Each structure stands twice: as structure tokens, then as C-alpha cells.
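Inspection log for the structure reproduced underneath, given as C-alpha cells.
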Amino acid sequence: MAHGIPSQGKVTITVDEYSSNPTQAFTHYNINQSRFQPPHVHMVDPIPYDTPKPAGHTRFVCISDTHSRTDGIQMPYGDILLHTGDFTELGLPSEVKKFNDWLDLVSHCKHGRNPNA
């Protein structure tokens, strides 16, 4: 893990002391911060799915690890949908088709249409 520290217009990259040992990093941050969160990462609370988007902003909708369980997800309107994890349970072609069909249903994210824009 690395993060930048601005210094006279330049950015110095420092490497986290646990970068070479992921197990030690997880243990250290898990014990010391009650959950894995490096000190330079600030957690934010999610906003309600129906919160209007401020004018002039781009809304990223980020989800992950749906594992073929997309039924009942309340998706907010957004400009860009990022799915960053497993979208199937077993990787079956039928699960891929189901996910693709679900993407068509949430086309307001896929195509960037937002009634609050």
C-alpha cells in the first residue's frame, strides 16, 4: 500500500510497512482499527439510494460481490455503474446471462440517464 505526500509541488510515494506481508497487514489494521482500514483511507457513509444528485456532479454507483443476488437491490440513479466484485456464484453461463439481463434493467446507470441531473 502506498500513498502520496505532497512536498513542494512534488508527490513523494511512501510504502506502507506491511506491503510485503498482506497477512500481517490485515492482522495489524484489523486489531488496531477494529476493521481493515489503512490510516490514510477515510471511510464514508453511503447516502440513501434516492438522494438527488447535485447539479454539475457525476454520480458513481459502486456495488460488488452480488453473487447472482441482484433481485431486490434498490439502485440509485447514477451516471456510471461500477461493479467491482463477483457477479456470479459459480460462473455459470446462465448466471452471466441473468446478470446481463439485470444490467439492462438498471440502464439508467449504464447509460447515464438521471432524472435528478
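Every read-out reported here was derived from the displayed coordinates using simple, explicitly stated rules and does not represent laboratory data. If you're wondering where the values come from, they're calculated on a predicted model, not measured in any experiment. Cβ sites come from the backbone with ideal geometry, for glycine too, and all protein chains shown count toward neighbours.
At a 10 angstrom cut-off on C-beta neighbours, averaged per residue, how do the peptides 12-22, 59-69 rank from highest to lowest? Working shown, then result.
Details: 12-22: 11.1, 59-69: 14.2.
Descending mean neighbour count gives 59-69, 12-22.
Can you compute the FRET efficiency between His42 and Asn100 using 1/(1 + (r/R0)^6), with r the Cβ-Cβ distance and R0 = 30 Å? Round to the nearest 0.05.
Numbers: r = 35 Å, r/R0 = 1.15.
Calculated transfer efficiency: 0.30.
Stretched out fully, how many nm does the piece from Leu90 to Thr23 gain, at 0.36 nm a residue minus the Cα gap? Intermediate results must be reported in sequence, preceding the final value.
Working: separation 67, 0.36 × 67 = 24.12 nm, distance 2.65 nm.
That works out to 21.5 nm of additional length.
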